[in-house]
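Here is the structure we will look at.
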Amino acid sequence: MSKDTHLEEVRSFYDSHPISLPQILEKLDRDGVDLRTLTEDTLQAYDQDHYSGVAANDALAELADLAESDHVLDICCGLGGPARYIARHYGCRVTGVDLTGSRIEGAAELTRMTGQADRVTFLCADAMSMPLPDDGFDVAISQEAFCHIPDKDKLLQETARLMKPGGRLAFTDIVGTDAISDATRQRLERELALAGLCTIPEYCQRLERAGFAVQKAIDLGETWREILIERLAMYRSLKDQTVERFGQAHFDNWDSAYAFFVDQYRTGDLSGVRLLATRL
Ligand SMILES: C[S@@+](CC[C@H](N)C(=O)[O-])C[C@H]1O[C@@H](n2cnc3c(N)ncnc32)[C@H](O)[C@@H]1O
């Protein structure tokens, strides 16, 4: 698949994802939240599109030793949940970048609603080519998103370019293991837009080639196995909303693709990693 076709597949995947701005607003409304006085403290239960909710943000913040003075780049920021959380709880300025226009529009709208637009800003761009100046960020983070980016070398070189020397890159991601077959890779790419999955040792080598020193690489496979079973149940609980928004066939395709993905954590074909690397 060409790079442009893949990026289109990613956009279309996230344009029809069960978690979206309309879905969040509907759920807040159903839960009786007054949207005129929405705060990040309330919104954080609805807007995190990664595993382990805000605890995962704290784990990255701790790993990166976040300080109030840090300017943080959230690469593949989605609807901006982690960016708003870090601004609110660690006092940082955060810039979020995401490829999908509807994600960035949602992120900006939710940030306006929580009154954080002075600390948290967003940019719609491909993470392999971000229109931002060199050496601007103290910290870069990302969660469960680099797995969509086919050219990890380009992504990591671009990330290094944007970070100050000594800056900390802390991220979590879906990784393959030595057991993963080509057929599984192809199905994950076709159905979930996952591309260029690498193993943990390959990630470390690529980071070093891109100008980082790897400080820590924590295997999350076992932890995620249980979490992903719950996540599949969560997506199933959104069935009525997903069918109403995108149709029964879309829900059925999603459900089968996600169940296959979750099963790869049982078979050991997939794992997860939390990584800290410093920019040399
Ligand atoms: C699972 S979501 C994670 C969102 C966010 N990090 C969070 O934790 O809430 C993955 C995000 O990666 C974005 N993405 C995928 N490929 C990208 C690329 N090449 N450049 C920028 N963003 C990308 C998608 O649009 C999507 O919003």
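The values are calculated or read from the model by the stated rules, or taken from the named source; none is laboratory data. It should be emphasised that the depicted structure is a prediction, and the values quoted were computed from it without experimental measurement. Please note: Cβ atoms are built from the backbone with ideal geometry, for glycine as well, and neighbour counts cover all protein chains shown.
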| request: For segment 135-147, indicate whether the set of residues that are modelled with pLDDT of 95 or more, under 23 Å from V33 (Cβ atoms) and either more than 8 Å from the ligand (Cβ to nearest atom) or surrounded by fewer than 16 Cβ atoms within 10 Å (Cβ to Cβ) (or both) is non-empty. | output: no
| Which pairs have Cβ atoms under 6 Å, sit 6 or more apart or on different chains, and link a residue in segment 260-280 that is within 13 Å of E208 (Cβ to Cβ) and modelled with pLDDT under 95 to one that is in a strand (DSSP E or B) and among the hydroxyl-bearing types (S, T, Y)? | none
| Spans of helices (runs of 4 or more DSSP H) in segment 214-280 with at least 1 residues of a type in the set (K, R) and surrounded by 14 or more Cβ atoms within 10 Å (Cβ to Cβ) | 221-237, 239-246
| remark: Exactly one of G106, G80, G115, G91 is closer than 16 Å to E40 by Cα, among the small types (G, A, S) and within 9 Å of the ligand (Cβ to nearest atom), and that one is G80
| remark: Considering segment 175-204, residues that are among the small types (G, A, S) and not in a loop (DSSP other than H, G, I, E, B), and then whichever is farthest from T267 (Cα to Cα), we arrive at A183
| request: Being more than 13 Å from the ligand (Cβ to nearest atom) and touching a residue at least 40 places away in the same chain (Cβ under 8 Å) is the filter; apply it to segment 1-26 and report the residue that is farthest from C147 (Cα to Cα). | output: E26
| remark: Condition set in contact (Cβ under 8 Å) with a residue 40 or more places away in the chain, within 15 Å of the chain's Cα centre (by Cα) and not in a loop (DSSP other than H, G, I, E, B), scope segment 122-144, selection nearest to R190 (Cα to Cα): answer is Q143
| said: Need the failing condition index for C147 against (1) part of a helix (DSSP H, G or I); (2) of a type outside the set (F, W, Y); (3) more than 14 Å from the chain's Cα centre (by Cα), just the number. | reply: (3)
| field | Sole residue being in contact (Cβ under 8 Å) with a residue 24 or more places away in the chain, in contact with a helix residue (DSSP H, G or I) (Cβ under 7 Å, 6 or more places away or on another chain) and assigned to a helix (DSSP H, G or I), chosen from Y85, Y51 | value | Y85
| query | Taking segment 165-190 on its own, how many of its residues are over 30 Å from D70 (Cβ atoms), in contact (Cβ under 8 Å) with a residue 60 or more places away in the chain and either crowded, with 17+ Cβ neighbours inside 10 Å or of a type in the set (S, T, N, Q) (or both)? | reply | 7
| request: Look through segment 2-40, keep the residues that are β-branched (V, I, T) and part of a loop (DSSP other than H, G, I, E, B), and return whichever of them is surrounded by the fewest Cβ atoms within 10 Å (Cβ to Cβ). | output: T39
| Looking at segment 59-96, which of its residues are in contact with a Phe, Trp or Tyr (Cβ under 6 Å, 6 or more places away or on another chain) and surrounded by 24 or more Cβ atoms within 10 Å (Cβ to Cβ)? | L73, G96
| said: If T159 satisfies all but one of (1) touching a residue at least 40 places away in the same chain (Cβ under 8 Å); (2) buried (at least 18 other Cβ atoms within 10 Å of the Cβ); (3) in contact with a Gly (Cβ under 6 Å, 6 or more places away or on another chain); (4) closer than 28 Å to K216 by Cα, what's the number of the condition it fails? | reply: (3)
